[in-house]
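Read through the structure below, which is laid out as structure tokens, and then see the notes.
The values are calculated or read from the model by the stated rules, or taken from the named source; none is laboratory data. On a predicted model such as this, the values are computed, not experimentally measured, just so you know. Neighbour counts run over all protein chains shown; Cβ positions are idealised from the backbone, glycine included. In case anyone asks, the SASA skips ligands and DNA or RNA and just uses the protein heavy atoms, side chains included. Shrake-Rupley method; radii C 1.70, N 1.55, O 1.52, S 1.80 Å.
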Amino acid sequence: MGKGGNDFEEKFEDISEDKDQKLHIPKKLPVLMLRDIVVFPYMIVPLFVGREKSKNAIDHALSTHRMILLVTQKNMEVEEPKRDDIYDIGTVAMVMRMLKLPDGRVRILAQGLVRAKIEELEEDKPFYSANLTVLHDVEPEEKSIEVEALIRNVRSGLDNASSLGKDIPPEIIIITANIDEPGRLADLVAANLDLKVKNSQEILEVTDTTKRLRKVYEHLTRELELLDVQSKISSEARGEMDKLQKQYFLRQQIKAIQKELGEESEIQEEVRAYKKKLKKLKVSTEVQEELEKQINRLVQMHPESAETAVVRNYLDWMFALPWNNSTVDNLDLRKAKLILDEDHYGLDKVKERILEYLGVRKLSKKIKGPILCFVGPPGVGKTSLGRSIARSLGRKFIRISLGGIRDEAEIRGHRRTYVGAMPGRIIQGLRRCSSNNPVFMMDEVDKIGADFRGDPSSALLEVLDPEQNYSFRDHYLGVPFDLSKVMFITTANILDPIQPAFRDRMEIISLPGYTEEEKLQIALRHLVPKQIEEHALNEKLISFTKGAIKKIISLYTREAGVRNLEREIATVCRKVARRVAEGKKKITRVTSQNIEKYLGPAKIFRDQILKKNQVGVTTGVAWTSTGGEILFVEATKMKGKGNLFLTGSLGEVMKESAQAALSYARAHTKEFGIDTAIFSQNDFHIHIPEGAIPKDGPSGGVTIATSLLSVCTNRKVRCNIAMTGEITLRGNVLPVGGVKEKVFAAQRAGVKRMILPAANKKDLIDIPKKIKKEMEFIFVEHINEVYQHALEPPLKEKAKS
């Protein structure tokens, strides 16, 4: 059931106040339920009827008194409405005309008469019918000034709504001017405001004519506000359109005037400027041809087209690139060495490599830029070292971080077909530094991702290959750019995630970490002066002793680098700065005795070797991302059936090393004087403390084997010896990695003797001379040699000696 289209216009007919009495409105009438409209008294409205019960109700009305009760549904989607689905109050209407349509529906023309309230609804007949009560308007006894003012305001508001564009028929305006009854005026205006069903129903239910008119005026006022805003928006949009049209006509006039005067247009001036730049630019034939092609395209384009902006942007990028701009290298090797030493303590390998490059560069100008990869834990100075290298060479420095990038276009750029296309980060960096031979640092290459958008690390293969990067093609540029003069430096924390082909392009330089002595020197030379300056202090206000720095290093930080060390020094400086700000300007001496006052109790427990020799407990060393640590391998036996238990969050490789050690011991029982029954009558348990930390790797093989043999032979392990090495089933000791870090860890813990695989003797070249003097290194090729040095002699031999 719905409202009709444009076949009829809504009309009002003058019906007297006592019309319901003249018409003798029955107490029971058929009911027609409407979906999306509320019919007011005196309102003539066309309605389309489709539901069977509704058509039966109309037929019944036409066959009797032609009257029907029009009520509105609360939810228009309900097909078979019940009592709760309709409003209680509706309008008694007269069916004036009916027309049956070919599609089975019925169209009627109904005129509202009076309000009525449903007392009881009957749903079981072929049509809905209701017992009703007629609701009469409650008129004021006298027409007050307030009512008169309200009537005038409503009339004026309706006029304004019509003038602002509201679709109100002119005859409605005339009728409202001649109606003085507030109730009828309210119904007339409400019917023409296109209110929502809920709002219309609220007005219909008000019988007090003054209140009804006031409610209608509220809705009319809101409608006027909406129309006013709508009018403003329309006028602004129209004004913008007029402005654009005016600008267009003015531009056309300017063009016509320029043509008459023989002057150049804006785009012609740009083209002339581009051609002037091209003449000065020394580039390859391919680049020159591409630039000429794009300039000629620009001439033929409309200045306001989107494609013109793309070509302009491309030409701006091409002319801004440093095709021939190079900085002059500092070839004074002594000066370069002085700068490197000034910025960083230690790191001799890296400094030597840079000076070698400078030496060759001094002899030959054709040398290509090296591609270095600094690998080391966080805080060892990889990034700052790159900046120092640029300073020593006299080159510009540019840095980008590749951590987390997943799109190949970040490296090679976007093709110009895409909206907002740009060159890749390599070309962007060269444009920023305006030099074609900078030191270009790419951080975090071990954290590059890959997904459906491509693999950035594969895209970097061309960038970092000296045989290819002389003609690097960025997708945006579309022409080759020479990167062979650029000195590329990459950084990574670990090498494992870097794909082999990518790793092959780079010269790997390890920065494993610093010894305590090196950290002390770095703190005294760089960190302490830097933090004192940053906290607006000076030497007259604060001083650090060597003992204080050493204590911070050993008891407050555990790292390969110096980042946390710098933070702890900054903490001390902040506390002193606060005291100075409070007016205490006496010098503060930070010593090993008072350091806890500033930093609190020690945060790190120093690794310490065992104080006495024990059976089954061996000191091992392990490599970690923060340097190296010592760890203890504990073994014991108990009554059982020869089972081996392994605990301490061990990885598969360590478990295999433990099984190999047990197998070797069982295979050489006679050699070590072990009773074979011990393996069938006992279970063996190997544990490595700090069980929450996962541990893996082959280098614990000799340590596990020594603990097992100590338990089997009941010989104590010497507590002042640490060891590392991989074992085989034949008892051979194989070389391991991370020797430098492991030696540092052993030295920090106070170890004086260390067993290493013979093949690792070459790695001692990286160990500082001071540590070599403090420690004795024992190189072994077979596990038997380990037992001779690590285990105490049997009791019989002790007695003889």
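Going by Cα centres, region 378-414 and region 672-729 are how many Å apart?
46 Å
Work out from phi, with θ = phi - 60° and the Karplus expression 6.51 cos²θ - 1.76 cosθ + 1.60, the ³J(HN,Hα) of each residue of region 719-729, listed in order in whole Hz, and give x for Gly and Pro.
7, 8, 10, 10, 8, 7, x, 9, 10, 10, 5
What is the set of long-range amide H partners of VAL138 at a cut-off below 5 Å, with H atoms built 1.01 Å from backbone N?
Under 5 Å from the amide H of VAL138: ASP208, THR209.
What are the equivalent ellipsoid semi-axes of region 294-419, built from the alpha-carbon gyration tensor (square roots of five times its eigenvalues), in whole angstrom, biggest first?
Three semi-axes, in Å: 41, 20, 11.
Going out from 0 in 5 Å bins, what whole percent of all Cα-Cα distances in region 467-580 drops into each bin?
2, 9, 16, 13, 11, 9, 8, 8, 9, 7, 5, 2, 0
What's the percent breakdown of Cα-Cα distances in region 300-373 across 10 Å bins, shortest bin first?
15, 30, 19, 14, 13, 10, 0
Helix 182-191 versus the longest principal axis of the chain: what angle, 0 to 90°, nearest 10, using Cα atoms?
Compared with the principal axis, the helix lies near 50 degrees.
Got a sec to turn the phi values of region 370-386 into Karplus ³J(HN,Hα) couplings, 6.51 cos²θ - 1.76 cosθ + 1.60 with θ = phi - 60°, whole Hz, x for Gly and Pro?
x, 10, 9, 10, 8, 10, x, x, x, x, 8, x, 5, 5, 5, 5, x
Among VAL311, ILE354, PHE488, pick out the residue whose Cα is farthest towards the positive end of the charge dipole of the chain, where Lys and Arg carry +1 and Asp and Glu carry -1 on C-beta, about the Cα centre.
Going by the charge dipole, the pick is ILE354.
Set the bar at 22 Å for Cα to Cα. Now go through LYS740/LYS769; LYS28/LYS196; LYS612/LYS740; LYS279/LYS396; LYS337/LYS740; LYS335/LYS365 and name every pair that lies beyond it.
Beyond 22 Å: LYS28/LYS196; LYS612/LYS740; LYS279/LYS396; LYS337/LYS740.
What are the semi-axes of the equivalent ellipsoid of region 132-253, taken as the square roots of 5 times the eigenvalues of the Cα gyration tensor, listed largest first and rounded to whole Å?
40, 15, 11
In whole percent, what relative contact order does region 405-543 give with Cα contacts below 8 Å and a gap of six or more residues?
25 percent
Between region 731-801 and region 66-130, what is the separation of their alpha carbon centroids in Å?
So the two Cα centres are separated by 103 Å.
Over the Cα atoms of region 504-655, what Rg and Dmax result, in angstrom?
According to the Cα coordinates of region 504-655, Rg and Dmax are 21.7, 75 Å.
Once Rh is set to the Kirkwood radius over Cα pairs, what Stokes-Einstein translational diffusion coefficient, in µm²/s, holds for region 138-201 at a temperature of 4 °C and a viscosity of 1.567 mPa s?
D = 103 µm²/s.
Suppose only helical runs count, i.e. DSSP H with n ≥ 4. What mean residue ellipticity at 222 nm does that imply for the chain under -39500 (n - 2.57) per run, divided by all residues and rounded to the nearest 500 deg cm²/dmol?
Computed ellipticity for the chain at 222 nm equals -13000 deg cm²/dmol.
Using each residue's phi in region 420-436, evaluate 6.51 cos²θ - 1.76 cosθ + 1.60 at θ = phi - 60° and report the 3J(HN,Hα) Karplus result to the nearest Hz, with x for Gly and Pro.
x, 5, 9, x, x, 5, 5, 5, 4, x, 5, 5, 4, 8, 6, 8, 9
Given 25 °C and 0.890 mPa s, how large is the Stokes-Einstein diffusion coefficient of the chain in µm²/s, with Rh as the Kirkwood radius over Cα pairs?
66 µm²/s
Taking every pair of Cα atoms in region 533-573, average 1/r, invert it to obtain the Kirkwood radius, and report Rg/Rh to two decimals.
0.99
Got a sec? Charge dipole of the chain, +1 on Cβ for Lys and Arg, -1 for Asp and Glu; which of ALA390, LEU734, GLY50 is way out at the positive end?
LEU734
Pick out, in residue order, every one of the trypsin sites (Lys or Arg not before Pro) in region 504-541 that is DSSP loop and has at most 10 other C-beta atoms within 10 Å; say none if there are none.
Within region 504-541, the qualifying trypsin sites (Lys or Arg not before Pro) (loop, at most 10 other Cβ atoms within 10 Å) are LYS540.
Once you list every other residue whose beta carbon is under 12 Å from the beta carbon of LYS584, what net charge do they have if Lys and Arg are +1 and Asp and Glu are -1?
Once all neighbours under 12 Å are counted, the net charge is +4.
Quick one: with all protein chains in place, what share of the accessible area of the chain is carbon or sulfur, to the nearest percent (1.4 Å probe)?
The C+S portion of the solvent-accessible surface of the chain is 50 percent.
Only loop residues by DSSP count here, and only those with at most 13 other Cβ atoms within 10 Å; note down the trypsin sites (Lys or Arg not before Pro) in region 303-377 that meet that.
LYS365, LYS366
Counting DSSP beta bridges with both partners in the chain, what percentage is antiparallel, nearest 5?
In the chain, DSSP labels about 60 percent of beta bridges as antiparallel.
List the trypsin sites (Lys or Arg not before Pro) within region 623-721 that DSSP assigns to loop and that have no more than 14 neighbouring Cβ atoms inside 10 Å.
Qualifying residues, ordered by number: LYS641.
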